[in-house]
Amino acid sequence: MTIDSYADFWTDGVDGLKKFIKGIGIVLGIWGLVSLGEGYANDNPAGKNTGIKQLVSGGAIFFLVPKLLDQLSSVFN
């Protein structure tokens, strides 16, 4: 294998990992919305709190982790 093929392999791996992590963020955000809705429907403060935490965590994973992976991959290239 040449150096270019290793670089392509690394780039493809990072791109796949970013897509996978974005999917996890989307699922967690949707789960948070559902929990938040259940918390409001049942007038449950703990459910609302859990829903907000999951929603914010999903958004952070979706938006911040891919940028972090881009910066980490540039270190290794």
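So I have (i) 25, 13, 10; (ii) 27, 16, 10; (iii) 38, 10, 5, and one of them is semi-axes √(5λ) of the Cα gyration tensor in Å calculated from this model. Which one is it?
Computed from these coordinates, semi-axes √(5λ) of the Cα gyration tensor in Å corresponds to label (iii).
Once label points are set 7 Å from the Cα along Cα→Cβ at both Phe63 and Asp8, what is their separation, rounded to one decimal in nm?
Roughly 3.6 nm, to one decimal.
For the range 39-46, take each phi angle, set θ = phi - 60°, evaluate the Karplus expression 6.51 cos²θ - 1.76 cosθ + 1.60, and give the result in whole Hz per residue in order, putting x for glycine and proline.
Values, residue by residue: x, 6, 5, 9, 6, 10, x, 5 Hz.
Charges at C-beta only: +1 for Lys and Arg, -1 for Asp and Glu. How large is the resulting dipole of the chain about its Cα centre, in Debye rounded to 20?
280 debye
Here is the link list: Lys22/Lys53; Lys19/Lys48; Lys22/Lys67. Which ones come out longer than 22 Å on Cα distance?
Lys19/Lys48
Which order do Thr11, Thr50 fall in if you start with the one that has the fewest other Cβ atoms within 10 Å?
Thr11, Thr50
Which ³J(HN,Hα) values, rounded to whole Hz and listed in residue order, are derived for the range 15-23 from phi using the Karplus coefficients 6.51, -1.76 and 1.60 in 6.51 cos²θ - 1.76 cosθ + 1.60 with θ = phi - 60°, glycine and proline given as x?
5, x, 5, 5, 5, 5, 5, 4, x
The numbers here are math on the coordinates, done by the rules we state, and not lab data. Nothing here was measured: the structure is a model prediction, and the numbers come from that model. No Cβ is skipped: glycine too gets one built from the backbone with ideal geometry, and neighbour counts run over all protein chains shown.
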